[in-house]
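Written below as structure tokens is the structure these notes are about.
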Amino acid sequence: MERDSSDEEDDRENLIDSNHASKIRRSSFEIGEFQSRVSRSFAFNKRYLIVIFLAVFLIIAFFSFDIGRLFRSTSSVRIAPKVDRMREAELHALYLLRNQQIELLNLWNRTSTRSKPESLIPNVNSTSSNSSSNATLGPASKPLPPSISFDDFRSALFDQIKLNKEIQETLLSAHRVGNVSDLADDDAGPAFVGFGADTCRKVDRTVLRQTIEWKPKSNRYLFAICISGQMSNHLICLQKHMFFAALLSRMLVLPSPKFDYQYDRVIDIDHLNQCFGRKVAISFEEFSESKKGHLHIDRFICYMAKPPCFLDEEQVKRLKALGISMGKLESAWPEDAKLAEPKKRVVDEILPKFSCDDEVLAIGDIFYADVEEEWVMQPGGPLAHKCKTVIQPSRLIMLTAQRFVQTFLGGNFVALHFRRHGFLKFCNAKKESCFFPVPQAAECILRVAERANAPVIYLSTDAAESETNLLQSLTLLNGKMIPLVKRPTHTSVEKWDALLYRNHLGGDDQVDAMLDKTICAMSNVFIGASGSTFTEDILRLRKDLGYASVCDEYLCRGEQPNFIADSE
């Protein structure tokens with residue numbers, strides 16, 4: 001088809017020559033490239049300007065800066081790796097010490113088994129060719145002497161465990177920030193749970209006792225007379241009368257409450273007879289009824305020569321006022337009257353002097369009698385019976401003591417008999433005084449409390465508040481106060497002592513004293529007062545009832561008061 005010429009002209013106008021177009025594109029690119037080059041050159045120069053500016057600024061800052069401080073900071077950076085290495089070494093040493101303590105605690109627990117102490121001691125003393133064992137002991141270690149007791153070995157071992165613990169605390173203090181340690185105590189492991197709880201274990205009572213049977217003859221009596229001191233002295237006197245009654249095959253007549261204490265308020269009389277499975281003791285009232293009021297002591301053989309039977313004229317009159325008639329007082333050993341202290345006696349000396357066929361025999365107060373001490377003082381006493389102890393607190397007092405412990409003390413506590421009234425003059429008259437200043441006493445108490453790991457201390461004392469308040473302020477262990485708990489006065493709100501008041505025993509001084517003894521006897525560890533019969537009766541109860549601990553001791557045992565007043 002033939003095209004119109006006008007159309008061709010239009011196409012030509014619309015079409016552009018390729019050469020011409022390329023020239024146009026190239027020239028336009030050159031203009032853009034020039035602009036780009038100019039802008040890149042400007043940006044490049046700008047960066048140079050910034051670098052130059054920063055360089056100038058750094059030079060100025062360098063010369064205006066304290067060069068010495070710069071060097072010092074540089075040196076500290078160099079020392080930092082040494083600090084890290086020291087820190088790592090200390091933490092590693094702490095790790096090793098903790099492992100050592102675990103092994104020591106394992107050894108401690110193994111000593112609780114029933115093995116002969118000799119099986120342990122020679123291994124410590126013997127020289128071994130094994131280099132590892134020598135390395136364990138170390139060059140500074142001193143062998144334990146062969147004569148050391150098993151308890152002393154355990155005590156020395158525990159001291160080393162405490163020292164190890166102290167070393168750990170010292171190492172931890174270097175890594176402590178505030179109250180938080182870098183090495184937390186929570187990862188110590190189960191071996192440290194209850195640390196120290198086994199240090200004050202119970203005394204083993206499996207040792208066989210030396211005993212005699214108490215089988216009284218019918219219508220043969222030993223009339224008990226106890227007059228020296230307070231209730232504790234009288235209870236000790238009664239125990240010795242029981243021993244004499246068993247030796248002489250006689251029934252014991254307990255003292256009249258009009259002449260002595262009312263014993264049935266504090267001790268269990270029925271329990272006494274039940275322990276022996278037969279009637280071995282009767283009350284004064286029962287004895288009087290059996291004699292229909294005609295009371296006569298057929299034979300009065302005095303164990304104590306001076307004063308005879310330990311009786312003075314006033315006390316003899318009081319006995320006669322009860323309707324008791326008696327013959328002349330005679331001494332078993334008249335020569336003892338010249339002695340300052342009674343001689344020690346054995347059974348073979350007692351029997352020939354006091355054996356007789358008279359119906360009613362009296363030997364006077366024998367609190368100070370020293371007869372077969374090891375035999376008499378053994379746990380459970382010298383007599384064969386089926387109970388833990390023969391003379392024990394009454395059932396009501398026992399229950400009240402248990403309720404008090406459950407209310408105020410719990411299952412782990414230390415008991416302290418802190419005797420003060422009249423003790424200053426008494427102790428200073430002795431060769432070694434037993435009256436300690438309160439600050440010194442507090443130090444001794446804290447040592448025992450730390451060893452026992454007990455959170456509370458029961459305080460049985462006759463001290464004034466000025467002394468007990470000072471003592472309380474000083475009983476601080478690791479910055480924490482250990483409470484000293486005393487029996488509160490009775491109120492109707494508290495129910496722990498309701499049994500005593502319901503049975504008309506509350507407020508009785510002797511009942512309160514026996515309650516104090518019972519609470520102290522139930523403690524994990526007991527600290528007593530040397531020279532006090534109150535303490536001695538608590539120790540007897542603890543031994544008999546099975547509460548005695550290897551940590552039981554007299555206050556500041558082995559020490560002297562750091563200050564002693566002049567005598568009058």
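Within the bounds of the range 531-549, is there any residue that is of a type outside the set (G, A, S), touching a residue at least 24 places away in the same chain (Cβ under 8 Å) and outside any helix (DSSP H, G or I)?
yes
Could you tell me whether any residue of the range 280-295 is in a loop (DSSP other than H, G, I, E, B) and either among the acidic types (D, E) or under 16 Å from D358 (Cα atoms) (or both)?
Yes: one or more hits.
Wholly within the range 320-413, which helices (runs of 4 or more DSSP H) include no fewer than the required count, namely at least 3 residues that are touching a Phe, Trp or Tyr at 6+ places or on another chain (Cβ under 8 Å)?
Hits in the range 320-413: 347-354, 395-404.
Please give the number of the condition I167 fails out of (1) surrounded by 13 or more Cβ atoms within 10 Å (Cβ to Cβ); (2) modelled with pLDDT under 65; (3) β-branched (V, I, T).
In the conditions (1) surrounded by 13 or more Cβ atoms within 10 Å (Cβ to Cβ); (2) modelled with pLDDT under 65; (3) β-branched (V, I, T), I167 misses (2) alone.
Just the residues that are assigned to a loop (DSSP other than H, G, I, E, B) and either among the charged types (D, E, K, R) or surrounded by 10 or more Cβ atoms within 10 Å (Cβ to Cβ) (or both), please, taken from the range 553-562.
If the condition is that a residue be assigned to a loop (DSSP other than H, G, I, E, B) and either among the charged types (D, E, K, R) or surrounded by 10 or more Cβ atoms within 10 Å (Cβ to Cβ) (or both), then L555, C556, R557, E559, Q560, P561, N562 are the ones that fit.
With respect to I282, is the statement that it is under 30 Å from T400 (Cβ atoms), within 45 Å of the chain's Cα centre (by Cα), among the hydrophobic types (A, V, I, L, M, F, W, C) and open to solvent by 30 Å² or more (accessible area, probe 1.4 Å) true?
For I282, the condition - under 30 Å from T400 (Cβ atoms), within 45 Å of the chain's Cα centre (by Cα), among the hydrophobic types (A, V, I, L, M, F, W, C) and open to solvent by 30 Å² or more (accessible area, probe 1.4 Å) - is not met.
Which members of the range 468-520 meet the condition of being of a type in the set (A, V, I, L, M) and assigned to a helix (DSSP H, G or I)?
Listed by number, the residues that qualify are L470, L471, L474, A498, L499, L500, V511, A513, M514, L515, I519.
Could you pull out the residue among S466, S394 that is closer than 28 Å to H234 by Cα and of a type in the set (S, T, N, Q)?
Just one listed residue meets the conditions, S394.
Considering only residues of the range 86-103 that are in contact (Cβ under 8 Å) with a residue 40 or more places away in the chain and aliphatic (A, V, I, L, M), which is farthest from K165 (Cα to Cα)?
L91
Only residues that are closer than 17 Å to D537 by Cα, hydrophobic (A, V, I, L, M, F, W, C) and open to solvent by less than 20 Å² (accessible area, probe 1.4 Å): list them for the range 226-271, please.
Of everything in the range 226-271, those that are closer than 17 Å to D537 by Cα, hydrophobic (A, V, I, L, M, F, W, C) and open to solvent by less than 20 Å² (accessible area, probe 1.4 Å) turn out to be C226, M231, L235, C237, L238, M242, F243, V266, I267.
Being closer than 21 Å to A281 by Cα, surrounded by 16 or more Cβ atoms within 10 Å (Cβ to Cβ), at pLDDT below 90 and out of contact with any Lys or Arg (no Cβ under 7 Å at 6 or more places or on another chain) is true for just one of G364, G381. Which residue is that?
So the residue among G364, G381 that is closer than 21 Å to A281 by Cα, surrounded by 16 or more Cβ atoms within 10 Å (Cβ to Cβ), at pLDDT below 90 and out of contact with any Lys or Arg (no Cβ under 7 Å at 6 or more places or on another chain) is G381.
Does the range 318-333 contain any residue that is acidic (D, E) and open to solvent by 80 Å² or more (accessible area, probe 1.4 Å)?
Among the residues of the range 318-333, not one is acidic (D, E) and open to solvent by 80 Å² or more (accessible area, probe 1.4 Å), which makes the answer no.
Could you please let me know if P216 is free of Cβ contacts under 8 Å to residues at least 60 places away in the same chain, surrounded by 13 or more Cβ atoms within 10 Å (Cβ to Cβ) and assigned to a loop (DSSP other than H, G, I, E, B)?
Taking the combined requirement at face value, the residue does not satisfy it.
What is the number of the single condition among (1) over 21 Å from T199 (Cα atoms); (2) surrounded by 13 or more Cβ atoms within 10 Å (Cβ to Cβ); (3) out of contact with any helix residue (DSSP H, G or I) (no Cβ under 6 Å at 6 or more places or on another chain); (4) at pLDDT 95 or above that F413 does not meet?
(1)
So which residues in the range 494-527 are among the basic types (K, R) and open to solvent by less than 40 Å² (accessible area, probe 1.4 Å), if there are any at all?
Result: K517, single match.
The values are calculated or read from the model by the stated rules, or taken from the named source; none is laboratory data. Just so it is clear, the structure is predicted and the values come from calculations on it, not from any experiment. Please note: Cβ atoms are built from the backbone with ideal geometry, for glycine as well, and neighbour counts cover all protein chains shown. Please note that ligands, DNA and RNA were not included when accessible areas were found on the heavy atoms of the full protein model with its side chains. Shrake-Rupley method; radii C 1.70, N 1.55, O 1.52, S 1.80 Å.
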